[in-house]
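The values are calculated or read from the model by the stated rules, or taken from the named source; none is laboratory data. As the structure is a prediction and not an experimental result, all values here were calculated from the model. Don't worry about glycine lacking a Cβ; one is built from the backbone with ideal geometry, like all the others, and counts go over all protein chains shown.
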């Protein structure tokens, strides 16, 4: 078996310069990511909208969400997902800031 980094099979990770991410990917799970500009303290993140319909829903609500703030000159705050549903989740984060979001789970498409 050939050893691989996340960057080798996740275009978002390669584009963003991520060699790897924290967390496990189990058989049947996929990794995808996108960048989101937070509008309010709590935004609804809809997969179809954020991925331009490449992913429209997850097979279950057990997916993992990893949030990294990427705005320059901003105060470090932790964004986190809550109220996870198959086609969206809510993101609690600092309004007006930009976040990279990585999802690990089973995609329903």
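So residue 75 fits all but one of (1) at pLDDT 90 or above; (2) farther than 28 Å from residue 5 by Cβ; (3) in a loop (DSSP other than H, G, I, E, B); what number is the exception?
Among (1) at pLDDT 90 or above; (2) farther than 28 Å from residue 5 by Cβ; (3) in a loop (DSSP other than H, G, I, E, B), the lone unmet condition for residue 75 is (1).
Kindly indicate the residue of the range 1-28 that is part of a loop (DSSP other than H, G, I, E, B), out of contact with any helix residue (DSSP H, G or I) (no Cβ under 7 Å at 6 or more places or on another chain) and surrounded by 15 or more Cβ atoms within 10 Å (Cβ to Cβ) and also modelled with the lowest pLDDT among those meeting that condition.
25
Can you tell which of 45, 31, 103 is at pLDDT 95 or above and assigned to a strand (DSSP E or B)?
When all the criteria are applied, what remains is 45.
List every residue pair whose Cβ atoms sit under 7 Å apart, with the two residues 6 or more apart in sequence or on different chains, where the first one lies in the range 39-57 and is exposed (fewer than 13 other Cβ atoms within 10 Å of the Cβ) and the second, anywhere, is assigned to a strand (DSSP E or B).
41/92
Tell me yes or no: at least one residue of the range 88-97 is part of a strand (DSSP E or B) and at pLDDT below 90. Show your work before the answer.
Looking only at the range 88-97, we keep the residues that are part of a strand (DSSP E or B), and these are 88-92.
Keeping just the survivors that are at pLDDT below 90 gives none.
No.
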